[in-house]
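Trainee: Before we start, here is the structure in question, set down as structure tokens.
The values are calculated or read from the model by the stated rules, or taken from the named source; none is laboratory data. In this text the structure is predicted, and so the values were computed from the model without any measurement. Cβ: placed from backbone, ideal geometry, glycine included. Neighbour counts: every protein chain shown.
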Amino acid sequence: MKINKYNKTLIISIKTALILSFISQTVFSQIFNEEQNPLSVKWRQINASGFKVIYPQEMEKEAQRMANTLPHIYPYVGGSLGRQKTSIPVLLQNRGVIANGFVQLGPKKSEFYTTPPQQFDSQDWLNNLAVHELRHVAQFDKLTGGKAHPFPEEVYLAWFGASLPIWFFEGDAVSTETSLTNAGRGRQPSWIMPYRAALLEGRDFSYSKANFGSEKDITPDYYQLGYLIASNIRKQEGRNIFDSVLTDIRRRPFRPYPFSNTLKKLTGHGSHNWFKQTNTLIKEKWTEQAAKSSSENYSPLNATASYASSYFLPVRIDENSILTLKQSKADVPQFILIDKNKKEKHLLNIGRQEQPWFSYANDLIVWDEVRYDPRYRQRSYSVICSYNLKTGKTKKLSSRSRLFSPSLSSDGKKIIAVSFDLSNRCNLVELDANTGKLLYTYPNPQNLILQTPAFDASGNTVAYISVTEKGKAMWTSNRSGQRQQLIPNTQQQITRPVFISDQIAFNAHYSGVDNIYSIDIKTKKISALSAAKYGAFNPSFSKNSKTIIFNNYTASGYQVAETTINARQTGASNFVFFGEAAEKQEHTGNVFSKIPDSTYTSKPYGRFGNLFNVHSIIPIIEDEYQFGLQLNSNNLLSTFSSFAGAQYHRDLNRFEYNAGFVLKSFYPIISATYRNRPRRTFYSTNSGIYQGDWRENNIQLQALLPISLNTLGSTYSFSLKTATSFTKRYQPQNMPANYISTLRFPMEYGFTFQHSIRQAERDVAPRWAQILRTTYLHQPFDKQLDGSLFAGEAFFYFPGLFRNHSFLANFNYQHATGVRKYEREINAVYGYNNIRAMSMLKNTLLFNYRFPIAFPDAELGPIAYIRNLRAGIFCHYENIGTETNLGEPKTYGFELRSNMNVLRYQPNVEVGGRFVFVNKVYNQNPILELILNYSF
């Protein structure tokens with residue numbers, strides 16, 4: 001039996017093992033982004049009452065505003081946790097187009113991604129980020145004691161990850177953002193809608209399924225789950241309950257499940273019981289809401305699947321076909337046509353979007369898509385693409401742009417879109433739909449945040465949504481400078497206006513459920529056009545038609561529905577506000593209502609003058625024989641990291657000392673490592689086997705150039721690497737007289753090319769990808785150790801027989817001479833290390849077929865939550881033509897794997913077993929390999 005290792009050395013690092021369990025891709029998620037900005041960015045800083053605001057010079061105005069805002073609101077944000085002051089750097093990142101924010105330790109900082117999304121809360125975007133992320137700062141400070149530079153930070157962060165369930169971490173922050181403002185996601189029916197639909201449709205999810213998600217069903221994530229549980233706990237136990245919980249955890253940190261056990265100690269219920277109690281409460285309240293609200297059933301115009309599928313933004317092309325953007329657990333985002341028999345025709349896969357979006361008119365589709373800088377991935381763009389239904393041709397209409405929510409005029413000749421520049425200046429821009437040329441920029445003197453514009457039938461008037469701290473409003477504008485506010489600032493989540501004759505349809509939640517409404521442009525009377533039970537969105541209207549086609553939300557996703565245009569009363573709101581008790585406990589009103597307006601002194605922030613930022617000492621365990629401590633430093637811009645450490649070799653009874661750095665400011669990533677370490681070898685003489693020991697100074701240098709391009713659903717990556725080292729050996733003990741004391745600059749070169757398409761959530765491996773990799777090692781400066789190794793690897797992934805299946809053909813070749821004769825740089829057959837070699841390894845041909853079996857979503861109490869079961873079969877050849885041939889593989893067999901969450905923690909753990917059968921000529925018994933891996 002053998003444990004299968006995915007890496008040559010398993011380094012147990014607290015930071016990577018526990019901290020990154022906070023990763024997600026939801027807005028406000030904790031993405032610890034270590035990517036870089038280009039060197040052209042000029043950074044400045046403002047110091048304000050413990051906050052160091054670091055920002056690109058274009059963001060001066062917004063930085064001044066945040067310097068006033070952060071110290072003012074922090075006492076309110078941290079109040080219920082007993083925190084009044086803090087000290088933390090806050091970086092404003094303006095080069096990207098994906099809205100987000102995070103807080104971390106190791107190093108301690110927060111980052112705000114300043115470009116507003118096209119659908120979010122009814123308040124200013126940076127204010128929205130500030131109140132949420134500062135709650136995370138307060139949570140960190142509560143557990144660490146609020147020190148300016150807690151040491152070691154990574155240990156604190158690991159403890160944080162091990163002590164608190166992520167649903168509390170995020171749910172408490174959502175509860176705070178809702179309680180301290182007039183907005184907040186807790187007030188949005190659409191945000192909590194997936195949970196409501198699931199419960200009312202009888203899908204009573206387990207605690208783990210609600211928390212960790214599913215590859216089969218739409219589930220609430222830990223944001224919604226956490227908000228509801230946290231709100232319920234605060235309602236029953238009072239404002240300061242979480243202050244008491246975190247205080248107790250800090251006093252007694254080393255316990256299993258400290259959060260749940262402390263919660264049980266203080267309230268009589270642990271986490272699981274609070275989940276069950278909250279589920280009972282919210283189901284009762286939502287059932288009462290449904291009974292009070294009149295609703296209609298809408299028949300889906302799309303086919304139903306056994307797994308969650310959504311058909312966004314439907315538009316009728318003609319009487320027999322509907323165009324929509326489909327996303328599902330089994331499919332990547334793609335444009336499809338649905339015919340009257342509900343059959344689907346695939347048109348085109350697309351790349352990542354800030355939100356699902358497209359516009360159609362006159363056989364033309366336009367949409368926005370995220371493209372990344374080839375090297376500095378903190379910089380990204382939102383470009384506009386088009387697809388012609390008649391010709392099947394795709395065109396990119398903008399490059400290196402920051403354009404969002406493009407909408408076509410009815411003749412398909414013009415596009416209206418939202419533009420943000422690097423100072424967060426927002427405008428509506430009119431573009432030529434054929435060339436992408438800028439035709440006109442609509443004035444926005446107040447610099448309102450603008451969203452989701454649309455043309456009227458004539459193409460002369462535009463409707464759009466604006467967002468400020470006062471709420472959302474709806475406007476119309478034209479080129480003549482006439483501007484009219486149709487809906488004044490409101491906390492309604494009004495989105496996506498669409499002209500319908502002399503009215504404008506839009507989304508809102510006047511009834512407490514998101515539905516489609518219309519406003520008469522002349523009278524400004526608002527009427528309801530739909531009465532969905534859970535939510536109706538994205539209306540479209542065909543000229544001379546008496547119906548609208550729209551998205552009707554169900555527990556299985558966004559479905560396509562159609563209804564006649566029949567205006568009715570908006571009705572009273574029956575929304576169930578679960579954050580009401582917490583809001584009353586805080587009793588602050590909107591904390592952004594009276595922000596100071598001081599002007600702070602700013603100064604340059606030198607990227608090279610702030611390279612070192614020592615923050616942590618962490619334990620390092622290489623294996624059972626080697627362990628030690630490491631001091632870590634990371635600068636705030638993620639361009640320079642360094643370390644220094646000492647490790648004890650238990651088998652040698654000696655210490656190793658090491659240090660190194662990685663510089664990521666320039667196009668090549670440059671790294672260097674120094675080691676002073678003990679070494680041991682065994683050698684044979686005429687007198688027998690002897691043991692020899694020595695110490696050595698070893699310096700390793702590497703330059704890596706990674707380039708990555710993405711377009712539509714494809715990614716193309718290239719990397720060039722060169723590396724060398726120098727080793728000087730000394731203090732030999734019992735070594736032969738001719739042992740080599742100096743190893744001079746062996747060289748290594750590598751090149752990798754990779755192409756892949758986007759993977760669906762259920763894909764177990766790429767369905768279409770190619771990887772080519774070459775490596776060359778030689779000794780040009782050291783003839784005493786002459787030898788070389790060339791290795792080439794080719795990976796080809798193909799779609800399998802059924803959906804989400806994958807077939808891999810992997811051919812590998814190497815040629816090694818001299819001192820490198822016994823080295824291996826290519827993939828070997830499964831079971832290789834347990835089979836006695838018959839000849840030198842020269843090539844391998846590996847066939848692997850992988851596929852999913854089931855998605856049980858099974859919760860085994862607190863032990864494990866099993867997400868899926870997967871299998872694979874393989875057939876592997878070695879040294880083809882000399883040792884094996886296509887009729888007689890060296891090894892073959894099958895494997896079973898499962899992904900799960902263990903002990904109700906966030907990391908995704910993969911466990912499994914591989915059964916390897918060996919060609920009879922090797923006289924080898926079957927081999928069992930155990931598989932254990934984890935990811936975040």
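Trainee: Tell me the residue from SER598, SER545, SER556, SER530 that is over 30 Å from ASP172 (Cα atoms), surrounded by 19 or more Cβ atoms within 10 Å (Cβ to Cβ) and among the polar types (S, T, N, Q), please.
Mentor: SER530
Conditions (1) touching a Phe, Trp or Tyr at 6+ places or on another chain (Cβ under 7 Å); (2) crowded, with 18+ Cβ neighbours inside 10 Å, marked per residue:
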| residue | (1), (2) |
| --- | --- |
| SER806 | yes, yes |
| ALA809 | yes, no |
| GLY831 | no, yes |
| SER839 | no, no |
| ARG850 | no, yes |
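Trainee: Still on this structure, please answer the following. Looking at ASN899, is it buried (at least 18 other Cβ atoms within 10 Å of the Cβ) and either outside any strand (DSSP E or B) or in contact with a strand residue (DSSP E or B) (Cβ under 7 Å, 6 or more places away or on another chain) (or both)?
Mentor: So ASN899 passes the test.
Trainee: So, in segment 176-212, exactly how many residues are on the phi > 0 side of the Ramachandran plot and touching a residue at least 24 places away in the same chain (Cβ under 8 Å)?
Mentor: So the answer is 1.
Trainee: Just checking, does segment 264-274 include any residue being outside the structural domain of GLY184 (by TED's automatic domain parsing) and farther than 24 Å from MET193 by Cα?
Mentor: Among the residues of segment 264-274, not one is outside the structural domain of GLY184 (by TED's automatic domain parsing) and farther than 24 Å from MET193 by Cα, which makes the answer no.
Trainee: In this structure, is PRO150 of a type outside the set (Asp, Glu), modelled with pLDDT of 95 or more and surrounded by fewer than 24 Cβ atoms within 10 Å (Cβ to Cβ)?
Mentor: no
Trainee: Something else about it: Filter segment 911-923 for residues that are surrounded by fewer than 18 Cβ atoms within 10 Å (Cβ to Cβ) and either assigned to a strand (DSSP E or B) or of a type in the set (A, V, I, L, M, F, W, C) (or both) and give the result.
Mentor: Passing the criteria: VAL911, GLY913, PHE915, PHE917, VAL921.
Trainee: Next up: Counting residues that are in contact with a Ser or Thr (Cβ under 6 Å, 6 or more places away or on another chain) and in contact (Cβ under 8 Å) with a residue 40 or more places away in the chain, which strands (runs of 3 or more DSSP E) fully inside segment 697-810 reach at least 3?
Mentor: 742-757
Trainee: Please note which strands (runs of 3 or more DSSP E) are completely contained in segment 359-469 and include at least 1 residues that are touching a helix residue (DSSP H, G or I) at 6+ places or on another chain (Cβ under 7 Å).
Mentor: Result: 449-455.
Trainee: Only one residue in TYR113, TYR76 is of a type in the set (Phe, Trp, Tyr), at pLDDT 95 or above and more than 28 Å from ARG496 (Cβ to Cβ). Which one?
Mentor: After ruling out the rest, the residue left standing is TYR76.
Trainee: While we're here: Filter segment 464-499 down to residues that are buried (at least 20 other Cβ atoms within 10 Å of the Cβ) and farther than 25 Å from ASN424 by Cβ and give me whichever is nearest to the chain's Cα centre (by Cα).
Mentor: VAL498
Trainee: Now a separate question. Going by what's in this entry, would PHE612 be described as hydrophobic (A, V, I, L, M, F, W, C), closer than 22 Å to SER671 by Cα and surrounded by fewer than 16 Cβ atoms within 10 Å (Cβ to Cβ)?
Mentor: The answer is yes for PHE612.
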